[in-house]
1. Taking the Cβ of each residue in T72, T154, T18 as the centre, tally the other Cβ atoms inside 10 Å and list the residues starting with the fewest.
2. Only loop residues by DSSP count here, and only those with at most 11 other Cβ atoms within 10 Å; note down the trypsin sites (Lys or Arg not before Pro) in segment 121-199 that meet that.
3. For E3 and S177 in one chain, what is 0.36 nm times their gap in residues minus the Cα-Cα distance, to one decimal in nm?
4. Could you please rank Y160, Y68, placing first whichever residue has the fewest other Cβ atoms within 10 Å of its Cβ?
5. Give me the one-decimal nm value for the distance between modelled label points at A102 and I36, 7 Å along each residue's Cα-to-Cβ direction.
6. Listed highest first by mean packing, meaning other Cβ atoms within 10 Å per residue, what order do 122-132, 86-96, 29-39 come in?
7. Taking θ as phi - 60°, what are the ³J(HN,Hα) couplings along segment 51-58 by the Karplus curve (6.51, -1.76, 1.60), each to the nearest whole Hz, with x for Gly and Pro?
8. Cα gyration tensor of segment 2-78, axes a ≥ b ≥ c as square roots of the eigenvalues: rounded (a/c below 1.5), prolate (a/b > b/c) or oblate?
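Coordinate-derived values only; no laboratory data. Predicted model, so just to flag it, every value in this text is computed and none were measured. Neighbour counts are summed over all protein chains in view; Cβ atoms, including those assigned to glycine, are modelled from backbone coordinates with ideal geometry.
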Amino acid sequence: MKESFFSHPSAIVDEGCTIGKGTKIWHFSHIMPNCIIGENCNIGQNVVISPEVVLGKNVKVQNNVSIYTGVTCDDDVFLGPSMVFTNVINPRSAVNRKNQYAKTHVGKGASIGANATIVCGHDIGEYAFIGAGAVVTKTVPGFALVVGNPARQTGWMSEYGHKLIFDKEGIALCPESNQKYKLENNSVKKIEIELNVKN
């Protein structure tokens, strides 16, 4: 049976993986046992995806990324070059902590910049934006922009990746999509535009 995904000859895909249609796995990457990778993902060069990791559809994994057991990513997540997830809070070479892996969930549409580190056990909200080199040590709310080490929130981002500027009513407009957003109780949500249709 012909595979419905592309895997470069130098890549290794272990037994028990589920790889979605249209996904591409590039040079020297290793997909370890029992991973689930959705449709139309792009797994860059020299990527390690550890056992039982789950990636949704259209996830872009750039070169040299490490995704360790305990990580799940929703659809449309972007993982920048050389970023890394951890899975143990206090690793020691001589102490086996495989039964203590902490989970990290990355929400739909979130972007994690180059060389960022996500310390395990801290979820990333939908459409959050993690700046290059950031070290995330706590949960990140949806649409939040966080930068630095340790990462601190410096603003809010639209679904299209633009910084949102809120007016005194707490309304912001994405300059690319013209989508409206509402800031309320320190959380952001997209405002669905209701169309008035005359009968």
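1. T18, T154, T72
2. K168, K198
3. My answer for the length gained is 59.0 nm.
4. So the ranking, lowest neighbour count to highest, is Y160, Y68.
5. 2.4 nm
6. Put in order of decreasing packing, that is 122-132, 29-39, 86-96.
7. x, 6, 5, 10, 10, x, 7, 6
8. rounded
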